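Undergrad: First the structure, then my questions, so here it is.
The values are calculated or read from the model by the stated rules, or taken from the named source; none is laboratory data. Worth saying up front: this structure is predicted, and the values here are computed from it rather than measured. Positions of Cβ are generated from backbone atoms using ideal geometry, with glycine treated the same way; all protein chains shown enter the neighbour counts. To get the accessible areas, we keep the full protein, side chains included, count just its heavy atoms, and leave off ligands, DNA and RNA. Shrake-Rupley method; radii C 1.70, N 1.55, O 1.52, S 1.80 Å.
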Amino acid sequence: ADLLVIPREYCSPDHPTASLFHERFVCVAWRDSRHARAALTMEGYLRAGHVAMQPPTGPQQSLETTFMQRMGIARRVEVTTFSFAAAAHLVVGTERLATLHTRLARQYAASLPLVLLEPPMAIDEMDQVVQWHKYRSQDPEVALTQVQRRWDELLGAIQIKTPDRALDLLFNRWL
């Protein structure tokens, strides 16, 4: 592959990276489940069945699973899937929860009967990065990424936050 787009935690320390965006996690529940009726508590989170994403190859786990283990949080995983996209579908019609990236959760909540809930604990944000082989640093695509990184360094000191994510991206990323 010329470029990898992956969470920073999975990058090789031997090759260059550039941060693309940071992503929060939210919990997703079926809108008719008991979880949708009130704020999610730690007790409710631990009592619930969960859908968890498990990568199809290798010993690595998803970031939210790694985080939960590091924090000593034992979820009752009832269903595993190889895809975060499938996880949203697997909570519909059940009392299960899935912990997903916010952008993906919002996308599925627009077309499925889901609600997004704040997790009852602080979960580390994911830093999604692009990584390339160190010997390809002179490729045009990589040069563009390096220019983008430099502009982010220069202009990143001022960030606006509005209720409209598209407006935030426009002002914070492109103008």
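Undergrad: Identify all residues within segment 106-126 that are part of a strand (DSSP E or B) and at pLDDT 90 or above; write none if there are none.
TA: LEU114, VAL115, LEU116, LEU117
Undergrad: Same structure again: Looking at segment 5-30, I want the residues that are closer than 18 Å to LEU63 by Cα and have a partner that is open to solvent by less than 70 Å² (accessible area, probe 1.4 Å) and of a type in the set (Phe, Trp, Tyr) with Cβ atoms under 9 Å, at least 6 apart or on another chain. Which pairs are those?
TA: Once the first residue is closer than 18 Å to LEU63 by Cα and sits in segment 5-30, its partners that are open to solvent by less than 70 Å² (accessible area, probe 1.4 Å) and of a type in the set (Phe, Trp, Tyr) give PHE25/PHE67; CYS27/TYR45; VAL28/TYR108.
Undergrad: Suppose we filter ALA86, ALA29, ALA74, ALA39 for residues that are crowded, with 17+ Cβ neighbours inside 10 Å and either over 30 Å from HIS133 (Cβ atoms) or modelled with pLDDT of 90 or more (or both); which single one remains?
TA: Working: ALA86 fails: crowded, with 17+ Cβ neighbours inside 10 Å; ALA74 fails: crowded, with 17+ Cβ neighbours inside 10 Å; ALA39 fails: crowded, with 17+ Cβ neighbours inside 10 Å.
From the options ALA86, ALA29, ALA74, ALA39, the qualifying one is ALA29.
Undergrad: Also, quick follow-up: Can you tell me which residues in segment 61-105 are in contact with a helix residue (DSSP H, G or I) (Cβ under 7 Å, 6 or more places away or on another chain) and assigned to a loop (DSSP other than H, G, I, E, B)?
TA: Once the filter is applied, which keeps residues that are in contact with a helix residue (DSSP H, G or I) (Cβ under 7 Å, 6 or more places away or on another chain) and assigned to a loop (DSSP other than H, G, I, E, B), segment 61-105 yields ARG75, GLU95.
Undergrad: Specify the residue that is nearest to ARG37 (Cα to Cα); the eligible residues are those in segment 98-120 that are hydroxyl-bearing (Ser, Thr, Tyr) and open to solvent by less than 70 Å² (accessible area, probe 1.4 Å).
TA: THR99
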